[in-house]
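In what follows, a structure is listed as structure tokens, so that the remarks can point back to it.
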Amino acid sequence: MSAENKGFSGLPPLKVLLCSPRGFCAGVVRAIDSVEQALKRYGPPVYVRHEIVHNRYVVEGLKAKGAVFVEELDEIPDTKAPVIFSAHGVPKSVPEAASRRNFLALDATCPLVTKVHREAEIHHKRGREIVLVGHRNHPEVIGTMGQLPAGAVTLIETLADATAFAPRDPQMLAYVTQTTLSVDDTAEIVALLKKRFPAIAEPHKEDICYATTNRQEAVKRVAPQVEAMIVVGAPNSSNSLRLKEVAERSGCRVAALVERADAIDWSRFGAIKSLGITAGASAPEVLVEEIIDAFAKRYTVSVETVSAAEEDVFFPLPRGLRENAAV
């Protein structure tokens, strides 16, 4: 490489376009704060059913403070310690089981997920068959389907599923969606459902959450401008996986989902001159900084922020953890 193509440090130049918004959403902040406040108020241990959010760095940090993560309530001994439900939501059977065991249950379900639960319940009470657009086995989908009796909700994952779906009564249908889906994929599935079933009832307000929508929009703006894109997030994070897919569809040649700097496959990046970086809604900003620092050891980095939206959403803590709540 000629000298004029190198920065003052002797390293090749790299322009980093940083997506905004990125990283933590209001529901994730609320969930993490719920665990931390419970630890302060009650002391360890605090039990958490499922990862509070899908990020290993966050989970390990909370473990170090005294949080104990379990997949099911039967892993928890009889205890007076708090038991927290994750941001993804849980089937109704879970709080019922917690009540039977007299657990101090604290629900950190994102309020936007709870909104979907309530919508599904209202449609069911009105006699409608419910279609849930989402990903099988994701905890949010399991939680939403678990709000209602078996058979009340049909899961639609793909256009093929929407094509094959045969309702009991096309005039008595409603749909809801997982909050962390691809905006574009979901729009296609919903359009097909509406075409096939014009009477299908839809949400009063979009179910895909503001944070998912905003982060995908920022990626759509950045991806066509860069040679490679990094999404900071976990492989089991639905919204992070969707960001990687959006980058690829928006024309970015190389898109990688990366948990930490030490997981970067440097062979994929090579002699790039431009890089986009974003983070899933459960990835902390410290990991974004860590990855920028890793690139700064190999390139002369300049950083520019590309903003798609301003976010000022705030959700209060669960009632049992608010300052004025009785201990």
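Observations, loosely collected:
- Test result for L14, surrounded by 17 or more Cβ atoms within 10 Å (Cβ to Cβ), touching a strand residue (DSSP E or B) at 6+ places or on another chain (Cβ under 8 Å) and either among the hydroxyl-bearing types (S, T, Y) or not assigned by TED's automatic domain parsing to the domain that holds V141 (or both): yes
Okay, residues lined up against (1) buried (at least 19 other Cβ atoms within 10 Å of the Cβ); (2) within 18 Å of the chain's Cα centre (by Cα):
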site: V35; (1), (2): yes, yes
site: V46; (1), (2): yes, no
site: N55; (1), (2): yes, yes
site: A87; (1), (2): yes, yes
site: F103; (1), (2): yes, no
site: P111; (1), (2): no, yes
site: R126; (1), (2): no, no
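- Among residues that are in contact (Cβ under 8 Å) with a residue 40 or more places away in the chain, crowded, with 19+ Cβ neighbours inside 10 Å and at positive phi, H50 is included.
- Filtered by the rule that a residue be more than 26 Å from E311 (Cα to Cα), assigned to a helix (DSSP H, G or I) and more than 22 Å from the chain's Cα centre (by Cα), segment 190-231 gives A191, L192, L193, K194, K195, R196.
- Residue among S267, S237, S282 that alone is under 29 Å from E140 (Cα atoms), outside the structural domain of D184 (by TED's automatic domain parsing) and out of contact with any strand residue (DSSP E or B) (no Cβ under 9 Å at 6 or more places or on another chain): S282
- Where K205 falls short, out of the listed (1) in the same structural domain as G134 (by TED's automatic domain parsing); (2) modelled with pLDDT under 95: (1)
The values are calculated or read from the model by the stated rules, or taken from the named source; none is laboratory data. Predicted model only: the values in this text are computed from it and were never measured. Using ideal geometry, Cβ is built from the backbone for each residue, glycine included, and neighbour counts are taken over all protein chains shown.
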